[in-house]
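The values are calculated or read from the model by the stated rules, or taken from the named source; none is laboratory data. Small disclaimer: the values here were computed from a predicted structure and weren't measured. Cβ placement follows ideal geometry from the backbone for every residue including glycine, while neighbour counts extend to all protein chains displayed.
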Amino acid sequence: MDLHARKPIAMVPPPLPTNEELPLLRPEAPVLSAYVRGTLLGIALGLSVVFGIAIWLNPYGDDGQPMTMETHRQMGLPPCTFKVMSGMPCPSCGMTTSFALLMHGDVWHSLQANSVGTMLAVICLAIIPWSLACVVLKRPVLIVSMEQALLRIILGFLVLMVLRWGLVLGLSWYYGTGF
């Protein structure tokens, strides 16, 4: 047989999948290890304790008016060191009060105490059933990457917290009001 008489063979890649075939090619969500499921269970329990404390705290003053900060003092904690030393509230001032007001159903005053704290509380409330669902199903629910989701939540929260702090300081300076 003559080697030059054979027809050449072309190396061609397989055809690209159509849109109907793409969902079949997605890898299944990975099974979460026992360590990750245990951590998620710990997070759900820890957040439940945080919200239990927020329910226990009284975010209202002796006159019945909602407080805007320093609810954490009811737990025996000292005043905000940043505020004591600078006279200005720190970026997280009012968050405990915000959580407590939200847990008492006072959404408006929770937003006034610290709007970012209210958003954080709502996210944390959603994390409790989400964590439990992930533990039961042994897979991440509604997200592709737990690391990316956590990174986005933390960065978004930090940016919002600093922006809110800048707004509070700027408005206080503009209107000449004290803290």
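Points worth noting:
- Failed item in (1) closer than 30 Å to Ala126 by Cα; (2) modelled with pLDDT under 70; (3) in a loop (DSSP other than H, G, I, E, B), with Val31 passing the rest: (2)
- Residue match in region 122-141 (condition: closer than 30 Å to Val36 by Cβ, over 18 Å from the mean Cα position of the chain (by Cα) and in a loop (DSSP other than H, G, I, E, B)): yes
- Pick from region 42-64, criterion over 20 Å from Trp130 (Cα atoms) and among the aliphatic types (A, V, I, L, M), ranking: surrounded by the fewest Cβ atoms within 10 Å (Cβ to Cβ): Ile55
- Any hit, region 45-52, residues being among the hydroxyl-bearing types (Ser, Thr, Tyr), farther than 19 Å from Thr177 by Cα and in contact (Cβ under 8 Å) with a residue 40 or more places away in the chain: yes
- Any pair with Cβ under 6 angstrom, 6 or more apart, that starts in region 128-143 at a residue that is free of Cβ contacts under 8 Å to residues at least 24 places away in the same chain and ends at one that is β-branched (Val, Ile, Thr) and loosely packed, with under 15 Cβ neighbours inside 10 Å: Ala133/Val141
- Whichever residue in region 65-77 is in a loop (DSSP other than H, G, I, E, B) and loosely packed, with under 14 Cβ neighbours inside 10 Å and, among such residues, is nearest to the chain's Cα centre (by Cα): Leu77
- Criterion violated by Pro91 - all others in (1) touching a Cys at 6+ places or on another chain (Cβ under 8 Å); (2) within 20 Å of Phe157 (Cα to Cα); (3) part of a loop (DSSP other than H, G, I, E, B) satisfied: (1)
- Cys80 vs. criteria buried (at least 19 other Cβ atoms within 10 Å of the Cβ), farther than 22 Å from Leu47 by Cα and at pLDDT below 95: yes
- Among the residues making up region 69-91, a single one is hydroxyl-bearing (Ser, Thr, Tyr) and in contact with a Leu (Cβ under 9 Å, 6 or more places away or on another chain): Thr71.
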